[in-house]
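Have a look at the structure below, then the notes.
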Amino acid sequence: MREVDEECRKLVRLLGEGGWLKYSIGGVAYGASAETIDARAVCLIRETLARHSGLADFAFAMQGLGSGAISNLGTQEQKKRYLPSVAQGSAIAAFAISEPDAGSDVAALQCAATKDGDSYLLNGEKTWISNGGIADFYIVFARTGEEHGAKGISAFIVDSDTAGLEIAERITVMAPHPLARLVFKNCRVPAAQRIGESGQGFKIAMSTLDIFRSSVAAAAVGFARRALLEALSRSTSRKMFGQMLADFQLTQAKLAKMATDIDSAALLTYRAAWLKDTGQPVTVEAAMAKMTATEIAQQAIDSAVQIFGALGVVSDHVVESLYREIRPLRIYEGATEVQQLIIARGLIKAHMAKVKG
Ligand SMILES: Cc1cc2nc3c(=O)[nH]c(=O)nc-3n(C[C@H](O)[C@H](O)[C@H](O)COP(=O)(O)OP(=O)(O)OC[C@H]3O[C@@H](n4cnc5c(N)ncnc54)[C@H](O)[C@@H]3O)c2cc1C
């Protein structure tokens, strides 16, 4: 765990030094490449990083997701205090919304933020928090209780050294990266650390995810492109039955399907990012991209493992790593089933609006 933490910190620093993290925030005055986050640039970067290193992609993605709410809706003070260090790679960001009983049904979250003078007291739990344990600050979504469900949630920036915030458990997953369960016990957060209006937290979370959801698809495309490259390399060099593995039509069918699926996922991905960048509605298209890219990448990587035979299941072989890297992408930032619902609801709503004329 310590090794992954160190590697992740180092990658964030290197990504900052190399200028990559300028694309993970918005606001030129704070060190960004543009006034708003450029979704196409984020996608290109994630596709490229994922092709080479899952952990580098993770480190880049979390700087954006963990500070996106500040870029979008933070006050000038909040932006000044947090965004430059995110872009330089000197501060590590995290996004904390999930709870043990609120994952897909995120509006059911229970972590409470109770107003107490000029501050809020946070009490409750967050789990599956990426960068948990190494983050310098967390964007925490907690219930301020204006209304039930999605409308009673607010967003807060919580510095990792705030009294009452505890890393209760470190969690190890199949593609290792820093991950933790957090506990808040009378954790006092100044009201000035709230992002946006009270009760707007759910909207803030969803608008942040709208930017970054297509980038999960881009990462999946990057993993899948690497798998295709490895499959081509292996099948054109592995001799069997007097010829190369790639000479068999059964292998060619696999390669053709991988390449076509990957390109169709890439087109959906970059369409979603372009819609976002040009200010058009993107919720349905980002869901289509995320669902398709993560599902086809899983299949393409599985085909690559098959082409490698026994070598493909050797621990830490490149295709074995890809096999582990891709799996969580079908679950986090909205599982495939959640994306299906988003797409279908969008279709039905648009259809009903047309019918009613
Ligand atoms: C590696 C990793 C990193 C993560 N990082 C973060 C992070 O940084 N911050 C954060 O807040 N959270 C994070 N998460 C949590 C992630 O967002 C949740 O895991 C996800 O929302 C699913 O919630 P759950 O795990 O509680 O599954 P559940 O909500 O229990 O869902 C289980 C399964 O039910 C199915 N399902 C869901 N909804 C429906 C439906 N309507 N109909 C039919 N089937 C359905 C899906 O297959 C789903 O996988 C991370 C998770 C992982 C695995």
Legend entry - Of all residues making up the range 280-291, the number that are open to solvent by 40 Å² or more (accessible area, probe 1.4 Å) and touching a helix residue (DSSP H, G or I) at 6+ places or on another chain (Cβ under 8 Å): 5
Inset, instruction - Return yes or no: is A227 more than 20 Å from the chain's Cα centre (by Cα), away from the ligand (no atom under 16 Å from the Cβ) and closer than 30 Å to V305 by Cα? - result: yes
Legend entry - When residues of the range 325-334 are limited to those that are surrounded by fewer than 17 Cβ atoms within 10 Å (Cβ to Cβ) and of a type outside the set (F, W, Y), the one nearest to the ligand (Cβ to nearest atom): I331
Inset, instruction - Identify, from the list S98, S90, S85, the residue that is in contact (Cβ under 8 Å) with a residue 12 or more places away in the chain, among the polar types (S, T, N, Q), surrounded by fewer than 23 Cβ atoms within 10 Å (Cβ to Cβ) and within 13 Å of the ligand (Cβ to nearest atom). - result: S98
Legend entry - Lone qualifier among D261, D316, D277 - being of a type in the set (D, E) and open to solvent by 70 Å² or more (accessible area, probe 1.4 Å): D316
Legend entry - Positions within the range 102-129 being touching a helix residue (DSSP H, G or I) at 6+ places or on another chain (Cβ under 7 Å), near the ligand (Cβ under 8 Å from one of its atoms) and open to solvent by 10 Å² or more (accessible area, probe 1.4 Å), in sequence order: S104
Legend entry - Residues (among the β-branched types (V, I, T) and within 21 Å of the chain's Cα centre (by Cα)) located in the range 279-317: V282, T283, V284, T292, T294, I296, I301
Legend entry - From the options A69, A59, residue that is at pLDDT 95 or above, in contact with a Cys (Cβ under 6 Å, 6 or more places away or on another chain) and outside any loop (DSSP other than H, G, I, E, B): A59
Inset, instruction - Inspect all residues belonging to the range 50-71 and state whether any of them is under 30 Å from Q110 (Cβ atoms), of a type outside the set (S, T, Y), more than 16 Å from the ligand (Cβ to nearest atom) and surrounded by 24 or more Cβ atoms within 10 Å (Cβ to Cβ). - result: no
Inset, instruction - With respect to Y23, determine if the residue is under 27 Å from L268 (Cα atoms) and aromatic (F, W, Y). - result: yes
Inset, instruction - Tell me, yes or no, whether the range 192-204 has at least one residue that is buried (at least 18 other Cβ atoms within 10 Å of the Cβ), outside any helix (DSSP H, G or I) and within 13 Å of the ligand (Cβ to nearest atom). - result: no
Legend entry - Any pair with Cβ under 9 angstrom, 6 or more apart, that starts in the range 171-184 at a residue that is closer than 14 Å to Y332 by Cβ and near the ligand (Cβ under 9 Å from one of its atoms) and ends at one that is open to solvent by 50 Å² or more (accessible area, probe 1.4 Å) and assigned to a loop (DSSP other than H, G, I, E, B): L179/T172
Inset, instruction - Identify, from the list T36, T48, the residue that is of a type in the set (S, T, N, Q) and either under 26 Å from V173 (Cα atoms) or assigned to a helix (DSSP H, G or I) (or both). - result: T48
Legend entry - Residue ID - least open to solvent (accessible area, probe 1.4 Å), chosen from residues in the range 130-155 that are away from the ligand (no atom under 12 Å from the Cβ) and among the hydroxyl-bearing types (S, T, Y): S154
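The values are calculated or read from the model by the stated rules, or taken from the named source; none is laboratory data. Just so you know, these numbers come straight off a predicted model, no measurement behind them. Please note: Cβ atoms are built from the backbone with ideal geometry, for glycine as well, and neighbour counts cover all protein chains shown. The area values use the complete protein model at the heavy-atom level, side chains included, leaving out ligands, DNA and RNA. Shrake-Rupley method; radii C 1.70, N 1.55, O 1.52, S 1.80 Å.
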